Amino acid sequence: MENKWLSAAFKGEVPSGFQGKVGWQSPSNIALVKYWGKKGKQIPQNPSISFTLSECCSETFISFEKADRLDFRFFFEGKENPAFGAKIEKFLIDYQAFFPFINQLSLTIESRNTFPHSSGIASSASSMSAFVMGLIEIERSLSLSKGRPVNMDLKKASYFSRLASGSAARSVYPKMALWGATDCYKDSSDEYAVSLADDIHPVFKTYRDSILIVSGEQKSVSSRAGHALMEGNPYASARYAKANDNIKTLLAALKSGDLDTFINITESEALQLHALMMCSSPSYILMKPNTLSLINEIREFRQETKIPLCFTLDAGPNVHLLYPESEAEKVEYCIKNVLVKYCDQGRWIADHVGEGPKKLQ
Ligand code: PMV
């Protein structure tokens with residue numbers, strides 16, 4: 001475990017009268033090389049790479065006040081939500097050695113998502129990273145109250161976001177992030193993500209992600225259960241080796257702006273993720289018939305027009321359509337005239353590569 005943050009934790013007495021409110025907005029992210037399978041405390045079996053999104057965010061405010069012990073309430077979109085609150089409380093208790101001051105605070109957490117309910121978009125990456133950034137912000141206010149100003153440390157935010165919810169580690173950086181140790185990237189780590197923003201061709205900084213909502217229903221198998229099923233998956237070691245190869249090839253393509261390689265790796269990774277689900281025991285299928293129709297339409301459209309668009313999938317039926325901004329007009333024409341008929345009630349979300357978390361006033 002990184003003891004750097006343990007030894008630097010604010011361990012003093014919370015001053016009487018200490019109170020306030022902090023807020024952070026943090027985005028969701030979409031993986032290109034997928035994290036699927038973990039060990040120990042949220043350590044990935046292979047490295048992953050993602051685009052940070054812009055429109056699909058969580059906004060979390062934490063009101064805090066000096067108290068005798070940790071006292072805690074969690075509200076989601078205005079309603080008290082004990083199930084999600086329990087997840088956060090467990091995180092706070094498990095990692096209290098890093099945040100000992102929480103045992104002297106009463107916290108009220110209010111969170112909302114900027115994307116619609118039941119859109120099938122996983123919110124744990126955005127919500128957990130927003131919460132962690134708020135927690136670090138409280139620690140910063142405490143340090144400031146003792147006359148010791150400290151900067152927001154993104155590596156630390158990524159480390160604790162990862163402990164709260166794996167893929168959340170990647171949401172704290174602008175543009176693109178890499179999480180997981182690999183020989184082909186300096187400073188990469190299994191414990192936190194690093195920014196790729198300085199190592200990507202400008203075309204990738206303009207990428208759009210149009211999220212085609214095939215179903216907004218909650219998925220039948222959680223990511224947590226999916227990761228666990230990798231343990232008995234007969235293809236697990238071949239998968240981890242392939243993912244490592246794909247990281248290497250994708251990093252080179254991201255640097256040079258090689259869109260053909262980007263497309264090959266991205267689509268192959270999406271299909272591998274779902275193939276792994278189909279090969280686990282018990283097996284399961286999260287794609288729907290319209291997911292396949294969309295994949296076929298997207299590939300046909302690419303062949304006919306030579307526009308470099310491609311798809312990826314998260315652990316669910318929705319299709320993320322990825323393309324450079326310069327092609328937006330033609331691709332949006334295709335969405336509105338062809339693809340939208342496969343979407344649940346014609347719903348899709350126009351997102352794009354974003355700038356990472358923002359402090360809210
Ligand atoms: O962060 P988790 O435990 O919800 O797992 C995320 C897994 C995928 O979304 C399927 C892939 C990824 O790398 O984001």
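The values are calculated or read from the model by the stated rules, or taken from the named source; none is laboratory data. Everything numeric in this text was worked out from a predicted model, so none of it was measured. A quick note on method: Cβ atoms are made from the backbone with ideal geometry, for glycine too, and the neighbour counts reach across all protein chains shown. Heavy atoms of the whole protein, side chains included, go into the accessibility calculation; ligands, DNA and RNA do not. Shrake-Rupley method; radii C 1.70, N 1.55, O 1.52, S 1.80 Å.
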Inset, instruction - Kindly report the accessible area of region 206-352 per residue (heavy atoms of protein chains, probe 1.4 Å, no ligands, DNA or RNA), in Å². - result: 47
Inset, instruction - Extending each Cα 7 Å along its Cβ direction at Lys21 and Asp187, get the distance between those two points in nm, one decimal. - result: 3.5
Legend entry - Zone of Ser326's modelled label, taken as backbone nitrogen in region 174-202 under 18 Å from a point 7 Å along Cα→Cβ: 200-202
Legend entry - region 53-190: C-alpha pair distances exceeding 22 Å, %: 40
Legend entry - Surface per residue (accessible, 1.4 Å probe) for region 2-183, Å²: 38
Inset, instruction - Report, in whole Å, the centroid distance computed from the Cα atoms of region 347-361 and region 136-203. - result: 17
Inset, instruction - Obtain the nm distance between the two label points defined at Ala350 and Ser143 by a simple spin-label model: each point lies 7 Å from its Cα along the Cα-to-C-beta direction. - result: 4.0
Inset, instruction - Please report the Cα spread of region 273-353 along all three principal axes, rounded to whole Å, starting with the longest. - result: 43, 26, 26
Inset, instruction - Give me the percent of the accessible area of the chain that comes from carbon and sulfur atoms, probe 1.4 Å, all protein chains in place. - result: 49
Legend entry - Charge tally in the Cβ shell below 12 Å around Ala243, where Lys, Arg are +1 and Asp, Glu are -1, Ala243 excluded: +2
Legend entry - Rounded FRET efficiency, nearest 0.05, which uses the C-beta distance separating Lys79 from Lys306 and R0 of 51 Å: 0.55
Legend entry - Degrees separating the helix 124-145 axis from the principal Cα axis of the chain, which is the longest one: 30
Inset, instruction - Please give the calculated 222 nm ellipticity per residue for the chain, where each DSSP H segment of at least 4 residues contributes -39500 (n - 2.57) and the sum is spread over every residue; nearest 500 deg cm²/dmol? - result: -11500 deg cm²/dmol
Legend entry - Cut-off 14 Å between beta-carbons: net charge of the residues surrounding Pro202, Lys and Arg +1, Asp and Glu -1: -1
Inset, instruction - Enter the per residue convex hull volume of the chain, computed from alpha-carbon coordinates, in Å³ rounded to the nearest integer. - result: 135
Legend entry - Rounded to 10°, Cα long-axis angle of helix 328-337 versus longest principal axis of the chain: 70
Inset, instruction - Report, to the nearest 10°, how far helix 82-94 tilts away from the longest principal axis of the Cα atoms in the chain, using its own Cα long axis and a range of 0 to 90°. - result: 60
Legend entry - Alpha carbon convex hull of region 189-346, volume per residue in cubic angstrom: 125
Legend entry - Simple spin-label estimate for Lys341 and Thr206 in nanometres, 7 Å along Cα-Cβ: 3.1
Inset, instruction - Using amide H atoms built 1.01 Å from N in the peptide plane, name the residues 5+ places from Phe72, or on other chains, whose amide H lies under 5 Å from its own. - result: Leu107
